[in-house]
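Asks: One structure coming up, written as structure tokens, with questions to follow.
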Amino acid sequence: MKIKDIISFAGQNIIQKKTQSTLTIIGIVIGILAIVSLISLGYGVQNYIKSEITTAGANVISILPSKDFGGPAAGKNFNDRDVNAIENIREIDEVLPAWFGSYLLEYSDQKYYGSVLAINPSKYQRIYAQTWGYELYKGRWIENNDKYSCMIGYTLATDSFDREIDIGDKITINDKKYKVIGILEETGNPRDDDAVVLSYDMGSELFEIDDEYNVITVVVKSGENVVSIADEIEEELEDSRGDENFSVLTADQLAESINSIFSVLTIFLVGVSSISLLVGAVGISNTMHMSILERRKEIGILKALGAENNTILSIFVIEAGFLGLFGGIIGSILGIFIAKTVEYFAKIGGYGLIRAWISWELIVGVLVFSFVVGVLSGYFPARSGAKLNPVDTLRGE
């Protein structure tokens, strides 16, 4: 039999058993749509974060008081002596020490946990506006002489409470009221879009800190080698702090650290969703086994007409592969649709960093994978069918 005849024969068998084939394909569809949507969203977020960090902040270095990339306050915090040690490096343009934490916010008789960033106002505007490209949605930037005033993120202003926060409104933090003087344009970063920005003086009063910082942002002068400056910062901080328990991260390293976290999470979720694909594979194997039992006489006729074992094996293996492939095609379409739907609603909800990553490599890889799953699932039932004795099958035994 020619290969096109084998493919045609396998296709006809699938069409003749529409109900059985459809139920079998559904198992593969569920597994593939879960894998496609999770991989798409996982890598979409990673690519977006990497692009934003490395493009807008190529000359920015982030310093955290711990080796663990689990949170800014995980180790011994920085002080003014540490900040001065960094500022003494000639190639550095700007140093912004800050305190980042969370607090219960109250507005319009509602409560909400949000991020609070305590900073030097003038440095904050220079770094966030000029380096990161942040823009104002309403109002003005916070200034050094602003007392009990704050800036807030776009999501906090528009989506966190039943009533939108506007310029001039007051939010309550720890029983103290802060007047909103500025609202940042949406950035897509939930940490910034959900944040309250205060002057360090107000933040020190709120968090009961003095000469203490849990994150430092450094801007390197244009044209300087960021990696070598990061090494120099490490040396200066080791001398200043007397320990090595801190992290100095360039834009590439920061993006890498974030991506590694998302990669582990994506792999875990894909692994969990693969269980449904395994169920689909078992379904294909069961379908092929039943198909062989129902078509024993047909196999006997083919063998009597001269068909070899390999030909019989090929017919059933390709049929199983087609079941996997059809499930892969439908699952990929649904997976892309789900990923794009999640991206759309995430954007509406203020989570612009959630993106769907679709590429031909992903689609081709998934289709090949689904076909291979089908082939492997159908191989052993097909092999048992190929070994049937034609005389016995024609007798109906």
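Asks: Counting only heavy atoms of the protein chains, get the accessible area per residue of segment 76-244 (1.4 Å probe) and round it to a whole Å² value.
Replies: 48 Å²
Asks: So what's the projected area for segment 76-244, the Cα convex hull averaged over all directions, in nm²?
Replies: Mean orientational projected area (segment 76-244, Cα hull): 10.0 nm².
Asks: Rounded to a whole number, what % of the accessible area of segment 76-244 do carbon and sulfur atoms account for, probe 1.4 Å?
Replies: Carbon and sulfur together cover 37 percent of it.
Asks: Mind grabbing the accessible area of GLU106 for me, 1.4 Å probe, Å², rounded to tens?
Replies: Ignoring ligands and nucleic acids, GLU106 comes out at about 60 Å².
Asks: Taking θ as phi - 60°, what are the ³J(HN,Hα) couplings along segment 139-144 by the Karplus curve (6.51, -1.76, 1.60), each to the nearest whole Hz, with x for Gly and Pro?
Replies: Along segment 139-144, the couplings run x, 9, 6, 5, 10, 4 Hz.
Asks: A further question on this structure: Work out the length of the dipole vector of segment 76-244 about its Cα centre, built from +1 on the beta-carbon of each Lys and Arg and -1 on the beta-carbon of each Asp and Glu, and round it to the nearest 20 debye.
Replies: Result for segment 76-244 is approximately 820 debye, rounded to the nearest 20.
Asks: Considering only ASN225, ILE142, TYR107, whose Cα is most displaced toward the positive end of the charge dipole of segment 76-244, charges sitting on Cβ of Lys, Arg (+1) and Asp, Glu (-1)?
Replies: TYR107
Asks: Anything over 28 Å Cα to Cα? Flag those among LYS76/LYS177; LYS123/LYS170; LYS138/LYS177, in the order listed.
Replies: LYS76/LYS177
The values are calculated or read from the model by the stated rules, or taken from the named source; none is laboratory data. Please read all numbers here as calculations on a predicted model, not as lab measurements. So basically every Cβ, Gly included, is an ideal-geometry build from the backbone, and we count neighbours across all protein chains shown. All accessible areas refer to the heavy atoms of the entire protein, side chains included, with ligands and DNA or RNA removed. Shrake-Rupley method; radii C 1.70, N 1.55, O 1.52, S 1.80 Å.
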